[in-house]
Structure formats: C-alpha cells, structure tokens
Amino acid sequence: MKTLKLIKNDPYLQPYSGAIEGRTHYYEHTEWRLTNEGKSKLKDFANGHLYYGLHKTAEGDWVLREWAPNATAIYVKGDFNGWEKREDYRLYPTENGNWEGRFPAEKMQHGQLFKLLVEWQGGYGERIPSYARRVVQDNVTKIFSAQVWAPEKPYKWKTKHFKPNTDPLLIYECHIGMATNQEKVGTYEEFRQNVLPRVKELGYNCLQIMAIQEHPYYGSFGYHVSNFFAASSRFGTPEELKHLIDDAHGMGIAVIMDLVHSHAVKNELEGLGNFDGTGYQYFHTGPRREHPAWDSLCFNYQKHEVLHFLLSNCKFWLEEYNFDGFRFDGVTSMIYRSHGLGEDFNGYESYYNLNQDGDAICYLMLANRVIHQVKKHAITIAEEMSGMPGLAYPLKDGGMGFDYRLAMGQPDFWIKYIKEVKDEDWKAGHILYEMTNRRQDEKTISYAESHDQALVGDKTIIFRLIDAEMYWHMRHGDNTYMVDRGMALHKMIRLVTCSTMNGGYLNFMGNEFGHPEWIDFPREGNGWSYKYARRQWELVDNDNLYFHELAAFDKAMIHLIGSIDGFENLPLQTLWDNEGDQLAAFKRGDYVFVFNWNGQKSFADYGILAPAGKYDVVLNTDAREFAGFGIADDSIEHFTTPDPLYEKDGKGWLKLYVPARSAVVLKKID
C-alpha cells in the first residue's frame with residue numbers, strides 16, 4: 001500500500017500509520033457503502049432535506065414525511081385543525097421506519113403553526129418535525145412550534161455565483177442578536193443595514209455567524225441546537241437571512257456559519273431528545289448518550305440515518321441559504337470518547353490510544369467530502385484544541401479534509417501572558433514562537449480572542465489590560481498610563497497575531513475597537529437583562545473616544561494584510577530576536593515587521609539585519625491616528641547601511657527609531 005502523504009511528510013507519525021491508514025480506509029468504505037458501491041456521489045446521498053419534512057408537491061398539495069421507527073401512529077396538529085388529533089391529518093407508515101402524509105393544498109396555509117403528535121407503545125408526545133425549516137416561539141407561552149413556510153414570492157438571489165476570497169481569509173465573527181446597541185435581540189435586517197457596511201469598511205472578507213440553527217435557550221449562544229434545519233426565527237425570517245447573505249456576497253464578503261453537529265439539546269418538546277419514544281433514535285445509549293460537561297446529547301455517528309440527517313444538513317445550508325461554508329463547533333468533543341476532558345495531549349500517542357471515536361472522525365471526513373462536492377470553494381474550519389495531526393489535510397493524503405483549523409492555543413497564551421507575566425518579562429522571541437508553533441502543512445486561523453474570551457466570568461484582552469479605567473479615561477486628553485499601555489499592547493497583540501498567520505485571521509465583533517466588559521446573555525442570574533448582550537457601536541462612532549482610533553488601526557491592519565497577494569503563504573523569516581531589548585523582527589515577502597515589547601526603552605538607530613534596499617513605513621502602531629504618541633517620523637525613507645560581512649548575502653543594516661511598546665511595518669521598495 002502506498003504511504004499516505006500525511007505520514008510521509010511527518011516521520012513521527014510512522015508508528016501510528018496503521019491507525020491513520022485505518023481511519024482513511026474506514027471513511028472510503030463508508031462512502032462506498034453510502035453511494036451505492038460508488039455508483040453515485042456522496043452529495044446525492046445527502047438529500048434527506050428534499051424528502052423529509054413538509055414540502056409542496058408539483059401539483060400544489062402538501063406532503064410531510066418523517067423518520068420515526070418506534071412510532072405506532074403520527075398525526076399533524078396545528079392552527080388548521082384546532083390543534084386536534086384528526087384522521088384527515090394522519091401520517092402512514094411506508095418502510096424502514098418512515099412515515100408519510102399527503103394533504104390537499106387548502107389543508108395548510110403559509111404562516112400556520114403545527115406540530116406532530118407522535119404515539120408509541122406506552123406513550124405519546126408532541127414533537128417538532130426533525131427536518132422543520134421554520135420554528136417559532138410564542139411570545140406569551142414561550143412554546144416553540146413548527147411553522148408552514150411557503151411564501152408566494154420566494155427570495156430571488158442577486159449574486160448567484162460567488163467565490164470566497166481566501167487570500168488571505170479575514171474573518172469577522174459575529175452574533176446577530178447581540179449586534180445591536182439596544183438592549184434587545186437584534187435582527188437579520190438590522191445587521192444587514194447597520195453592521196454589514198462596517199465589516200466591509202474594516203476590510204474583512206468573511207463573515208462567520210453564530211447561533212443560526214434554532215435553539216430554545218437564547219443564552220446558550222446557539223450551541224444547544226434543537227432544530228437543525230431551521231434558521232433562528234428570533235432574528236427574523238428566512239428571506240431576511242438570505243437577503244443578508246446576498247448583500248454580503250455583493251460586497252465581496254463570504255458568509256460561513258457555526259455548524260453544531262457535536263451534540264444536541266436534551267429538550268424533548270423542541271428537539272430530538274426522545275422523538276419517537278426512544279432515547280437512542282439519533283443518539284448513543286448508556287453512559288455515552290449525555291455529554292458530561294455540556295448537559296446535552298451525543299449523536300451516534302455509526303447509524304446510517306444519523307449520517308443521512310447530518311450530511312443532508314450540511315448540504316441544506318449551502319444550497320438553501322447559499323452559505324459559503326462552516327466553522328464546525330466542538331470537534332475535539334466529537335473525535336475523542338473522553339470528549340477531550342481531562343486529557344493533556346502532550347504527545348503523538350495521545351492521538352492514537354484507542355480513545356478516538358472512529359465513527360465521529362469518519363463523519364467529519366464524509367462531511368468535508370460532501371461540502372466540497374456541493375461547493376468546490378466552500379470553507380471548512382475545525383474548532384479543535386488537541387492538535388490532532390491531519391485535521392486540516394486533504395482526504396486523499398490521509399487527512400480529515402478541513403481547510404483550516406483554529407489556532408486555539410493563541411488566545412489561551414495571550415490571556416495567560418497578560419495575567420501572569422510582568423511587562424518587563426515579556427519575551428519577544430517567545431511571543432513569536434507561540435504565534436508560529438503549529439503544523440506547517442496545515443492552514444490555521446490565527447486569533448487573539450474570539451467570543452470565548454469575553455463570555456461571563458472572563459474578560460476581553462482590552463479589559464484585562466485597562467480594566468476599570470476604561471469607564472473613566474477613554475476620552476481624548478483624559479488618558480492615563482494604564483490606558484496608554486493597554487491601547488499600545490492591544491494594537492501590538494493584534495498585529496503580531498495577524499501578521500504571523502499561515503491561513504487566516506479572526507476577530508470577534510467589537511473587539512477590533514476594544515469593546516468594554518464581558519458578554520452575558522439574559523438569564524435568571526442577571527434578571528434577564530440584555531445590557532451585556534449587545535455591542536455599543538456609539539463608542540467607536542464617537543471620534544472623541546479612543547475606541548475610534550483602535551478601530552482605525554484595525555482597519556489599517558486588515559487592509560494592509562488583505563492587500564498583499566498570497567500573504568498567508570509567504571515564508572516567515574526571523575530577522576532579529578533580542579531578549580534583553582525585548583525586540584524581535586521578521587520578514588514576509590517584501591515586508592518587515594518590527595516589535596518592541598519593551599515598556600521602558602525606545603531605541604534610536606536600532607540595527608536590524610535585513611535584505612539590502614530602500615524601505616518605507618506602511619503601518620505604525622504608535623502613529624497619532626491610532627492613538628499613539630507619533631514620536632517617529634514615518635515619512636522618512638529608510639535605506640539599509642552596507643556591512644562587508646553581509647554584503648555578499650545581499651543584506652544590510654536597517655536603522656530604525658523604535659519607540660517603547662510599539663510595532664512598525666516596513667515595505668521594501670527597491
């Protein structure tokens with residue numbers, strides 16, 4: 001058997017070749033089995049959403065299908081029949097646990113609410129169809145119901161053939177509900193009109209939207225999903241979500257969504273928990289059924305019907321809503337039987353010790369296969385913290401098929417560094433190492449902080465740096481040492497994280513301008529308040545506050561990085577690393593990045609050995625326009641000074657004035 005490229009490129013994986021080859025063979029065999037022994041494509045298998053659920057037939061009538069193998073009878077109850085159990089709204093068994101009901105056009109109308117009444121031996125319960133595309137909550141009773149959704153004028157897409165720009169991928173992570181500055185749940189329309197233009201202006205080329213799949217508890221941040229095919233109605237209608245995505249595409253912005261296939265909410269009335277009277281229809285039995293840390297249910301990825309459900313879900317969001325891909329949530333929890341809990345993952349043996357869930361790994365490989373068959377240029381990102389080798393590596397070469405993996409160690413590093421290391425002990429070389437410590441042949445998404453670092457009980461980077469002084473000293477002319485220090489480090493941290501990427505960069509909504517405080521969704525413990533579940537855009541819009549300048553720096557940084565062709569693929573070469581000075585420099589292509597982490601010393605005529613030539617400053621964190629001190633004159637052209645020792649290598653000394661706690665980017669002109 002030919003050695004897989006993943007193993008060939010990493011000799012340390014050789015002892016585990018059997019496990020890697022085994023998972024590849026298992027995936028290939030499963031795909032062969034699901035595609036009728038290879039006679040069709042996997043994307044043809046992933047059509048459950050076209051069969052199950054409520055659909056209008058070509059004749060204008062209705063057909064409703066459901067998979068419920070343990071059911072003994074199924075009825076449809078809703079606005080159209082007084083919510084009563086009636087024979088003329090009954091589903092009938094077909095085969096393989098499937099049920100079907102056909103109803104004349106006049107039996108149901110657009111906008112009417114309904115549920116299934118599922119009966120089983122010894123019990124019954126009201127259920128929302130598993131493939132429901134529209135689920136709404138009653139404002140008074142708080143009860144969720146499916147809704148007939150068949151508008152007379154379906155949404156017509158303006159941008160029909162969109163290709164994401166991944167050169168590099170610059171992601172703006174967002175949550176629709178908290179994207180408003182009002183103390184309420186924001187809407188798709190408000191985001192489209194008020195926030196999307198901000199994203200475009202900042203220069204990000206990809207929008208990552210959280211909490212799209214319907215979830216009964218708003219405070220779950222969208223991670224306890226109940227209805228996998230329904231876009232959350234608390235933000236608006238399906239057409240409004242499509243309009244948002246369409247407008248984003250018109251601006252050149254890709255749109256991906258957080259896809260939660262790692263677990264499901266336990267709720268029975270809203271979700272799949274006990275759909276047909278059994279707890280094992282979609283999920284594991286016994287101790288593997290419930291996630292020990294998330295209070296949720298774990299899918300049984302070995303079952304044909306579960307694969308059908310989840311793979312169809314991938315295809316559905318790509319085709320129905322024109323999403324450009326997914327950030328898969330909770331991948332670590334999926335691929336380990338321990339869910340990664342209590343594991344240290346400090347060696348290769350941690351990845352191949354029989355703790356792995358082969359069926360979950362196979363599902364993720366199948367999902368990546370389906371997604372890229374449906375959309376060749378789709379984007380898939382794995383949220384995975386263990387460092388599993390081959391996660392973002394091609395399927396054909398022994399990988400799991402993701403395009404990117406999140407660099408989850410980076411935000412953990414920054415929080416730990418800020419909390420535990422004194423400023424004078426920050427080591428420039430160590431920071432550079434942490435930013436580039438990754439598998440070089442797998443693309444990653446770099447980020448200093450996402451939504452995770454701001455959830456209740458934690459603090460954003462800016463809040464850790466400045467803390468309570470943010471409330472009183474962010475107005476121009478009223479700054480303090482803590483504010484100056486915090487803003488300087490905030491810019492430097494973002495620049496070093498972004499400029500060392502090898503795939504893409506991510507920022508969470510509002511963090512670009514140092515949004516104050518934490519994120520705390522309405523809950524009993526805070527009196528169901530929306531005060532901390534929103535974004536205070538008025539802060540960044542006020543040009544008398546330093547938030548304005550922090551946003552200006554982020555915009556300049558993103559536009560610069562985004563303008564450099566193939567930046568994410570440019571080799572990163574360290575030019576200088578002086579631990580005593582706390583200064584380091586590196587080059588990528590024609591650009592030189594210099595970081596002075598020293599809070600006490602500015603350096604005049606500091607020499608950095610760089611390719612000989614002429615350099616111009618293209619970005620300086622200390623510029624006045626970015627709330628810096630503007631000490632250096634960035635209009636000066638810099639010429640390297642020759643040195644006989646290095647002339648033969650085409651190098652010279654780049655002499656710079658580097659202010660304390662600042663970073664500068666220079667471009668080689670000739």
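Here are a few things to note about the model shown:
- Neighbours by Cβ (under 7 Å, 6+ apart or cross-chain): first from segment 329-345, closer than 25 Å to G222 by Cβ and part of a helix (DSSP H, G or I); second open to solvent by 20 Å² or more (accessible area, probe 1.4 Å) and among the aliphatic types (A, V, I, L, M): T332/M385
- Yes/no for A468 being on the phi < 0 side of the Ramachandran plot, among the aliphatic types (A, V, I, L, M) and open to solvent by 10 Å² or more (accessible area, probe 1.4 Å): yes
- For segment 19-43, the candidate set comprises residues that are among the acidic types (D, E) and at pLDDT 95 or above; within that set, the residue that is most open to solvent (accessible area, probe 1.4 Å) is E28.
- In segment 393-411, residue nearest to N511 (Cα to Cα) [restricted to those that are of a type in the set (A, V, I, L, M, F, W, C) and open to solvent by less than 10 Å² (accessible area, probe 1.4 Å)]: F402
- Residues (within 14 Å of K375 (Cβ to Cβ) and open to solvent by 100 Å² or more (accessible area, probe 1.4 Å)) located in segment 149-164: K160, H161, K163
- Of everything listed in (1) over 28 Å from M408 (Cβ atoms); (2) outside any loop (DSSP other than H, G, I, E, B), the single unmet condition for A488 is (1).
- Unmet requirement for R134, which otherwise passes all of (1) without any contact (Cβ under 8 Å) to a residue 12 or more places away in the chain; (2) within 26 Å of the chain's Cα centre (by Cα); (3) under 27 Å from H261 (Cα atoms): (1)
- Set D441, D458: member being open to solvent by 50 Å² or more (accessible area, probe 1.4 Å) and not in a strand (DSSP E or B): D441
- Single residue of segment 254-278 satisfying the filter (without any contact (Cβ under 8 Å) to a residue 60 or more places away in the chain and part of a loop (DSSP other than H, G, I, E, B)) that is least open to solvent (accessible area, probe 1.4 Å): G273
- Which numbered condition G186 fails, given (1) open to solvent by less than 60 Å² (accessible area, probe 1.4 Å); (2) closer than 30 Å to D565 by Cβ; (3) in a loop (DSSP other than H, G, I, E, B): (2)
- Residue identified as open to solvent by less than 30 Å² (accessible area, probe 1.4 Å) and more than 25 Å from H559 (Cα to Cα) among L666, L609: L609
- Within the option set E119, E201, E173, E126, being closer than 25 Å to I381 by Cβ and in contact with a strand residue (DSSP E or B) (Cβ under 6 Å, 6 or more places away or on another chain) holds for one residue only, E173.
- Those residues of segment 29-67 which are part of a loop (DSSP other than H, G, I, E, B) and small (G, A, S), in sequence order: G38, S40, A46, A58, G60
- Residue match in segment 474-483 (condition: without any contact (Cβ under 8 Å) to a residue 24 or more places away in the chain, open to solvent by 10 Å² or more (accessible area, probe 1.4 Å) and of a type in the set (S, T, Y)): yes
- Residues within segment 279-290 that are assigned to a loop (DSSP other than H, G, I, E, B), in contact with a strand residue (DSSP E or B) (Cβ under 9 Å, 6 or more places away or on another chain) and open to solvent by 10 Å² or more (accessible area, probe 1.4 Å), tallied: 3
- Residue match in segment 607-617 (condition: touching a residue at least 60 places away in the same chain (Cβ under 8 Å) and either closer than 21 Å to I493 by Cα or in contact with a Gly (Cβ under 6 Å, 6 or more places away or on another chain) (or both)): no
- Residue selected from segment 55-83 under the condition open to solvent by 40 Å² or more (accessible area, probe 1.4 Å) and either small (G, A, S) or in contact with a Phe, Trp or Tyr (Cβ under 9 Å, 6 or more places away or on another chain) (or both), by the criterion farthest from T30 (Cα to Cα): G82
- Residue selected from segment 299-349 under the condition among the β-branched types (V, I, T) and over 24 Å from A231 (Cα atoms), by the criterion surrounded by the fewest Cβ atoms within 10 Å (Cβ to Cβ): T332
- Among the residues listed as Y16, Y12, the single one being touching a residue at least 24 places away in the same chain (Cβ under 8 Å), surrounded by fewer than 20 Cβ atoms within 10 Å (Cβ to Cβ) and either within 21 Å of K443 (Cβ to Cβ) or of a type in the set (A, V, I, L, M) (or both): Y12
- Filtering segment 93-105 to residues that are under 41 Å from the mean Cα position of the chain (by Cα) and not in a helix (DSSP H, G or I) leaves P93, T94, E95, N96, G97, N98, W99, E100, G101, R102, F103.
- Candidate set: segment 607-623, residues that are part of a strand (DSSP E or B) and more than 39 Å from the chain's Cα centre (by Cα); chosen: the one nearest to V483 (Cα to Cα): G607
- Number of the condition not met by F463 [criteria: (1) in a helix (DSSP H, G or I); (2) under 27 Å from A585 (Cα atoms)]: (2)
- Pairing each residue of segment 170-182 that is in contact (Cβ under 8 Å) with a residue 24 or more places away in the chain with any residue that is of a type in the set (K, R) and open to solvent by 10 Å² or more (accessible area, probe 1.4 Å), provided the two are 6+ apart or on different chains, yields C-beta distances under 6 Å for M178/R534; T180/R534; N181/R534.
The values are calculated or read from the model by the stated rules, or taken from the named source; none is laboratory data. None of the values given here were measured: they were computed from a predicted structure. Note: ideal-geometry Cβ built from the backbone for every residue, glycine included; neighbour counts use all protein chains shown. All accessible areas refer to the heavy atoms of the entire protein, side chains included, with ligands and DNA or RNA removed. Shrake-Rupley method; radii C 1.70, N 1.55, O 1.52, S 1.80 Å.
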